[in-house]
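Read the structure below first, then the notes.
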Amino acid sequence: MNDFVQSKPIQRRVFLKRGLQSGAILVSMPLWKNLSAKEIEALAGSENEAAIPASLSQEELQKLLKAALSRGGDFAEVYFERTVQNSIGLDEDKISSATRGVDMGAGFRVVQGEKTGYAYSDDLDPGKLKEAAETAALIASGAAGSAQTLKSFSPTSYYLVKVSPDTVAAKQKTELLIKANSVARAFDKRITQFRAGFSDMTKKIIVANSEGLYVEDTQTLTGLSTNALALEGGKRGMGYESKSGSYGFEHFDPKLAEEMARKAAEMAVRVLPAEDAPAGEFPIVIAKGFGGIFFHEAIGHSLEADGIRKRTSCFWDKLGKPIASKGVTLLDDGTYMGGWGAVSVDDEGCPGHKTVLIDKGVCAAFLQDKLNARLTKMAQTGNGRRQSFRFYPIPRMTNTYLLAGESAPEDIIKSVAKGLYIAKIGGGNVDETTGRFVFSVTEGYMIESGKVTRPLKGIMLMGSGQDVLMNISMVGNDLLIIGGGGCGKNGQSKPVGFGNPTIKVDKITVGGGRV
């Protein structure tokens, strides 16, 4: 007997509806030209999404907190999340992908001493939610605890959103990509490939805890990216430009798309003649903006409170002590308006903070979440962040940047007889225990006799974060803060912003292709 039964094809709209009922959907369309106008508009929102619960009531949350404290515990928390994500990609002169996803669920945390119990459910059935709350409670032992009556508060908003990108038709977003593509390819015949993407995420969160906290927040992240490849003979040049932040769609238009595409194409052509970078110890000048990745990785992670409390960070015993030159003031700022890492409240419900981590060279503070702040008897700093309801919060950066100084950027360059100009830094990693780091540079040049000259390739920056902090001798007056970064830690990814003015580091080890 043949057990295989051929089923009828599922219509796309029916698929959407069934997916939404289960709490998540993903629609992927490889070729835009194959979509009907009706299907295109479906990607900007579906009426079936209205069937998905948008929140949990305070009454429901109060009951769930009671279940979470059923075995005792010092603290209990419920974190609800509903996230809608859209993305559209262009490659090889056509729209190559269009996706829309909806995800939601609730996470439950119970803390007793230094122990944390965590469980989550992506099924919003009351019975399933209660089961998850009771699972988190298993970490605790003792008499049942009680939760205070929930009281709501309205946090200050640090988002620049007038027009939610999730309400904008997908066709309008594709027009930006198509415009960028035409401008980049027309810029120079050596531009042989061009990619662009538009993405947006709208996330509603609710945080309720046993201390009576109740807060809601709607977070929006929007980004436009452009990437160009130039070829000439056997040489390749890559260029990129992006804009991203807690922005509404009003911050994106065809003129911006044109400008970004042109900058990406210019960079790709500019670096075509790049030669192998020299190896050795050199002074370097790091350009405004993208050098912030360096401070995020090489310094910021070592100032997060979990490593400080466990004494695994190289800065664990440095509070109140000099760790940088006097021109260095480093901030982590969740209140930076429109920042990629801006938070009206963090993922524990604590309002966004501006925290001075290094004040004129002196270690002034650490980045605290609720657990580590309690265990170290310090104040929270609004840095308790989690990737989603599937994860418990840990101390994470928001927007980390070096404050501007007094030097003119041109004077900083003129002060270098022979060194490197670092225009854009790519990826990097750091050992938080030792502070040792390695970074790749995506755009860099020689500095000779105080002038930026030849483009270089294969630049690697290596050394110790502590040494670099002490070797910063000049800080520019041209601070630029950018976004678009995704920071990974303990298996969780989180959006972060970063920035810096032009700075001079007197010496750093450079790995390159020639000696």
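Scanning segment 298-314 for residues that are surrounded by 24 or more Cβ atoms within 10 Å (Cβ to Cβ) and assigned to a loop (DSSP other than H, G, I, E, B) turns up just one, Ile299.
Here the condition is being at pLDDT 95 or above and more than 28 Å from the chain's Cα centre (by Cα); of Glu77, Glu47, Glu59, Glu81, it holds for Glu59 alone. When Lys263 is tested against the conditions (1) under 30 Å from Ser164 (Cα atoms); (2) modelled with pLDDT of 95 or more; (3) assigned by TED's automatic domain parsing to the domain that holds Pro501, the lone failure is (3).
The lone criterion from (1) within 27 Å of Gly245 (Cβ to Cβ); (2) buried (at least 20 other Cβ atoms within 10 Å of the Cβ); (3) of a type outside the set (Asp, Glu); (4) within 23 Å of the chain's Cα centre (by Cα) left unmet by Gly491 is number (2).
Would you mind stating whether Phe249 is surrounded by fewer than 24 Cβ atoms within 10 Å (Cβ to Cβ), of a type in the set (Phe, Trp, Tyr) and touching a residue at least 12 places away in the same chain (Cβ under 8 Å)? So Phe249 fits the description; yes.
Leu256: among the hydrophobic types (A, V, I, L, M, F, W, C), at pLDDT 95 or above and crowded, with 24+ Cβ neighbours inside 10 Å, yes or no? So Leu256 fails the test. Among the criteria (1) among the hydroxyl-bearing types (Ser, Thr, Tyr); (2) touching a Lys or Arg at 6+ places or on another chain (Cβ under 6 Å); (3) surrounded by 22 or more Cβ atoms within 10 Å (Cβ to Cβ), the one Thr376 does not fulfil is (3).
Note on segment 487-497: residues that are modelled with pLDDT under 95 and farther than 18 Å from Tyr392 by Cα amount to 0. Of the residues contained in segment 137-152, one or more are found to be over 20 Å from Ala268 (Cβ atoms) and under 29 Å from the mean Cα position of the chain (by Cα).
Being in contact with a strand residue (DSSP E or B) (Cβ under 7 Å, 6 or more places away or on another chain) and not charged (D, E, K, R): is that true of Gly291 here?
Values: in contact with a strand residue (DSSP E or B) (Cβ under 7 Å, 6 or more places away or on another chain): yes; not charged (D, E, K, R): yes.
Answer is yes for this residue.
Filtered by the rule that a residue be in a helix (DSSP H, G or I) and in contact (Cβ under 8 Å) with a residue 24 or more places away in the chain, segment 129-146 gives Leu129, Lys130, Ala132, Ala133, Glu134, Thr135, Ala136, Ala137, Leu138, Ile139.
Conditions tested, residue by residue: (1) of a type in the set (Gly, Ala, Ser); (2) more than 26 Å from the chain's Cα centre (by Cα); (3) assigned by TED's automatic domain parsing to the domain that holds Arg374; (4) not in a strand (DSSP E or B).
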| site | (1), (2), (3), (4) |
| --- | --- |
| Lys173 | no, no, no, yes |
| Ala184 | yes, yes, no, yes |
| Phe194 | no, no, no, no |
| Ser199 | yes, no, no, no |
| Lys203 | no, no, no, no |
| Glu216 | no, no, no, no |
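Whether any residue in segment 332-350 is in contact with a Pro (Cβ under 7 Å, 6 or more places away or on another chain), among the charged types (D, E, K, R) and either at pLDDT 95 or above or assigned to a strand (DSSP E or B) (or both) is what I want to check.
Yes, some residue in segment 332-350 is in contact with a Pro (Cβ under 7 Å, 6 or more places away or on another chain), among the charged types (D, E, K, R) and either at pLDDT 95 or above or assigned to a strand (DSSP E or B) (or both).
When restricted to residues that are in contact with a helix residue (DSSP H, G or I) (Cβ under 9 Å, 6 or more places away or on another chain) and free of Cβ contacts under 8 Å to residues at least 40 places away in the same chain, segment 320-354 contains 1.
Of the strands (runs of 3 or more DSSP E) entirely within segment 389-463, those holding at least 1 residues that are surrounded by fewer than 23 Cβ atoms within 10 Å (Cβ to Cβ) and not aliphatic (A, V, I, L, M) occupy 418-430, 436-448, 451-457.
Is it fair to say Gly488 is under 24 Å from Trp316 (Cα atoms) and either in contact with a Lys or Arg (Cβ under 8 Å, 6 or more places away or on another chain) or assigned to a strand (DSSP E or B) (or both)?
Numbers: under 24 Å from Trp316 (Cα atoms): yes; either in contact with a Lys or Arg (Cβ under 8 Å, 6 or more places away or on another chain) or assigned to a strand (DSSP E or B) (or both): yes.
Yes: the conditions hold for Gly488.
Screening segment 369-387 for residues that are among the hydrophobic types (A, V, I, L, M, F, W, C) and in contact with a strand residue (DSSP E or B) (Cβ under 9 Å, 6 or more places away or on another chain) and picking the one that is nearest to Gly491 (Cα to Cα) gives Leu371.
The values are calculated or read from the model by the stated rules, or taken from the named source; none is laboratory data. Computed from a predicted structure; not experimentally measured. All Cβ positions, glycine included, derive from the backbone under ideal geometry; neighbour counts span all protein chains shown.
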